[in-house]
1. Would you mind stating whether S98 is closer than 30 Å to G26 by Cα and among the polar types (S, T, N, Q)?
2. Here are some residues: T24, T9. Which one is at pLDDT 95 or above, assigned by TED's automatic domain parsing to the domain that holds S210 and not in a helix (DSSP H, G or I)?
3. Looking only at strands (runs of 3 or more DSSP E) that fall completely inside segment 64-157, which ones have 3 or more residues that are β-branched (V, I, T) and surrounded by 14 or more Cβ atoms within 10 Å (Cβ to Cβ)?
4. Which residues, taken from segment 14-60, are surrounded by fewer than 15 Cβ atoms within 10 Å (Cβ to Cβ) and hydrophobic (A, V, I, L, M, F, W, C)?
5. What residue, among those in segment 47-79 that are closer than 11 Å to I142 by Cβ and of a type outside the set (V, I, T), is farthest from the chain's Cα centre (by Cα)?
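The values are calculated or read from the model by the stated rules, or taken from the named source; none is laboratory data. Everything numeric in this text was worked out from a predicted model, so none of it was measured. FYI the Cβ positions are ideal-geometry reconstructions off the backbone, even for glycines, and counts take in every protein chain you see.
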Amino acid sequence: MKTLSEIQTLARIYARNQNLDLTTSGSNGLATANLVYRQLASMLPWPELRRVDTSLVTVADQEEYDWLDTSVATYQNVVTLELQDGDNNDKYEIITLSPDEVTWNESGHKTAQAIPDHYVMFSTNILNRIAFRPVPKYAKTIKITGIIEPEELLEGNSKVAFTTKSAGDALAFMIASTWLNINGKQDLGQQTFQQAVAILRTLFDDDVISTGQLSSIVSGPND
């Protein structure tokens with residue numbers, strides 16, 4: 001794992017700006033670094049950001065539950081949601097997200113099941129919540145597998161979630177490319193962006209890398 005200070009050192013070189021400040025609280029540089037970091041984390045299947053949580057438990061005949069507190073994890077994408085099947089030796093079975101409101105409404109007319117048909121996520125403006133229909137038949141453990149949002153980088157000693165140093169290098173190139181584009185140096189920005197992509201291609205299969213999506217991260221306001 002690289003620290004933000006290490007990433008700043010490399011970003012300064014390729015942004016051609018030794019005054020680029022990514023580590024000072026409240027600075028534009030730190031805000032931009034976190035923006036690029038979150039977007040890069042969301043666009044590729046980083047194994048470091050895959051989480052499985054089993055802290056939530058259903059209650060018999062209860063439809064709605066509080067979602068995970070952000071102190072546990074902030075999921076930006078739930079890949080699968082499973083529940084122990086009380087009618088089948090507590091084996092985990094997948095519950096799918098309701099595809100539409102009609103299906104959700106119809107599921108609510110059914111009696112309790114060991115494994116509900118669907119779930120939905122919603123907010124009360126105070127809490128994030130999850131609901132199941134039909135209601136669960138038993139008190140059983142929910143298993144959530146998904147991709148979490150990385151913790152915000154706060155200062156120079158903050159470490160990025162990416163395990164390999166080369167992934168940190170790619171982030172530095174992406175940040176440098178963003179600043180070059182913002183400052184009207186699109187040709188250099190594109191060259192630096194391609195260096196980031198070259199590193200990412202050593203970490204992921206080509207079929208999961210979309211240069212179009214990735215380039216949207218580094219685009220300046222004049223692009």
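1. no
2. Going through T24, T9 in turn, the sole match is T24.
3. Numbers: elements: 64-66, 75-85, 91-97, 118-123, 128-133, 142-148.
Here the list reads 142-148.
4. To start, the set of residues in segment 14-60 that are surrounded by fewer than 15 Cβ atoms within 10 Å (Cβ to Cβ) comprises 16, 18-19, 21, 24-28, 31, 35, 45, 47, 50, 52, 54-55, 57, 59-60.
Selection gives A31, L35, V52, V57, V59, A60.
5. Y65
This table checks each residue for (1) within 18 Å of P134 (Cα to Cα); (2) in contact (Cβ under 8 Å) with a residue 24 or more places away in the chain.
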site: A73; (1), (2): no, yes
site: G86; (1), (2): yes, yes
site: K91; (1), (2): no, no
site: I115; (1), (2): yes, yes
